[in-house]
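Notes to accompany the following structure.
Read-outs: derived from the displayed coordinates by stated rules, not from any lab. Given the structure is predicted, the values throughout are model-derived calculations rather than measurements. Methodologically, a virtual Cβ is constructed for each residue, glycine included, from the backbone with ideal geometry; neighbour enumeration extends over all protein chains shown.
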Amino acid sequence: MNITDTLGSSVQNVITHPLRSIMTLIALVIGIFAVVVMFSSVYGIKTLITANMENMGFNNSVIIYPDRSQAMRHAGHGLSRRQFLTAPRQVKPLDYGDYLALKYNVEHKYLFGVVEKWYQNTGFSREESIRLIATNSDFFESKNYLVKNGRIFNTIEEKNANKVCLLGAGIVEKYFKNREVIGERIVLGNNIYSVIGIIDEIKTADSPIIDFNSWERQRDLNTVYIPLSTGISHLKSDKSVDYLSMTSYDSDSYRYMMNRLRQVLLANHNMAHNFGFRDIGSFIAIITNEMEDFMQKWNITLTTIASISLLVGGLGLFSTMLISIRERLLEIGIRKSVGASPANIFSHFLIESLIFSLFSAGIAIILATGLVKLISVTVNFDFPLPLEGILLGTGFSLIVGILSGIYPALKAAEINPVQAIYYNES
């Protein structure tokens, strides 16, 4: 008895009792569909949150800022606070030299400095303040901003502190709508800048469900940007920066980067601890770990609930297989009388149960895929259908098929062929 005969017999049994077969399939499909969708939804939400967090540009990042209190805490030598503050010493602020020292001595993915200034009564508006930021190209890359039109600062402009600028898309929309702004000159304070590009936001994790840090990104798109060297040369008399931001390639190299940048800065500041850190990378890592732990527990809970539906479907398949034995006593008797062994009968019924469950799994996976695609279109985010979810649903269906079919298969294998034929003839 081969698999083809078994498959043909299973299909014939389904066709012979269409209503009972459909009800059995529906119960199984609902259970498997629930398992796949529950797993995929949790996985998709996790992916959505991760994508939004990465889109913020804070993953594996540290902010370095000037902090005189750090120097006080590490000064020692028995000095009082007043003695320390009045003691003569040569300690420079956080400046462009620190930026260059970190750039060339610490391995990193992104590094940018920031000098921020606000202007009022500008050529843009008499009522609103205009935000100006001096930074470098890594600022835009780390935050997933793109150049909508024009270009970004080139190496020569950054090196020579040229007076060029980029405008946020919000600035262009508000003050330069329907105008070709590239090449125009704008006045901020005592400086005139040539516009070379427009900055906009990459919509990689755009979704109406979750939108992390939207206020800051909106503010960034209403900002004027100039090269960091330009800001330091024309806005800061002491060549200082407001803060530096550095990002590692991954979480494994983050700790090494932190230790190395601390060493470089201490050497650059004559061992004075007049700088501090906002360890955003560790904070994000804690949030991510807690989120993953919560999602894992939630996934187990939802999968367990969905498995109950699958268990109900399994009971329906179990009942169908038992009823099938009574209806097919003559078939079983004839098969045994012409040489079919109990093992042949057992495998026949077990395979038939597995075919039922796998066919249901196929339908459920197709429906789950359609639903996930529909959700993706609705929320404007590409929800994945993970292979783990499909394998989980298929694995559950195989287990249900085996558990639902093994007892009926054993019962069928134990039937006496003479009694089976006699029962039907009587």
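Summarising the label geometry, the points placed 7 Å from Cα in the beta-carbon direction at K239 and D293 lie 4.7 nm from one another. Extension gain for the segment I406 to W118, taken as residue separation times 0.36 nm less the Cα-Cα distance, is 96.1 nm to one decimal. Annotation for the range 272-324 versus the range 222-246: alpha-carbon center distance of 45 Å. On the beta carbon distance between I399 and Y256, with R0 = 41 Å, the FRET formula returns roughly 0.35.
For the modelled label position 7 Å from the Cα of R20 along Cα-to-Cβ, which residues of the range 308-331 have backbone nitrogen atoms closer than 18 Å? Only 313-331 pass the distance filter.
Cross-link partners for K411 among the aspartates and glutamates, with Cα-Cα distance under 17 Å and sequence neighbours closer than 8 places in the same chain left out: E327, E331, E352. Placing dummy labels 7 Å off each Cα toward the beta-carbon, the span from A285 to S341 is 6.0 nm. Fully extending the segment from L367 to W215, taken as 0.36 nm per residue of separation minus the present Cα-Cα distance, adds 50.9 nm.
Going by a ≥ b ≥ c, the root eigenvalues of the Cα gyration tensor, does the range 209-293 fall in the rounded group (a/c under 1.5), the prolate group (a/b larger than b/c) or the oblate group? Because a/c hits 1.5 or more and a/b fails to exceed b/c, the range 209-293 counts as oblate.
Could you state the orientation-averaged shadow area of the convex hull built on the Cα atoms of the range 92-268, in nm² to one decimal? Answer in nm², one decimal: 11.5. Here L358 and I334 are evaluated by their C-beta separation; at R0 = 22 Å the FRET efficiency comes out at 0.20. Taking 26 Å as the limit for the C-alpha separation, the pairs K163/K239; K143/K297; K109/K373; K177/K373; K148/K174; K103/K174 exceed it in the case of K143/K297; K109/K373; K177/K373; K103/K174.
Remark: the Cα gyration tensor places the range 236-342 in the prolate category, a/c being 1.5 or greater and a/b exceeding b/c.
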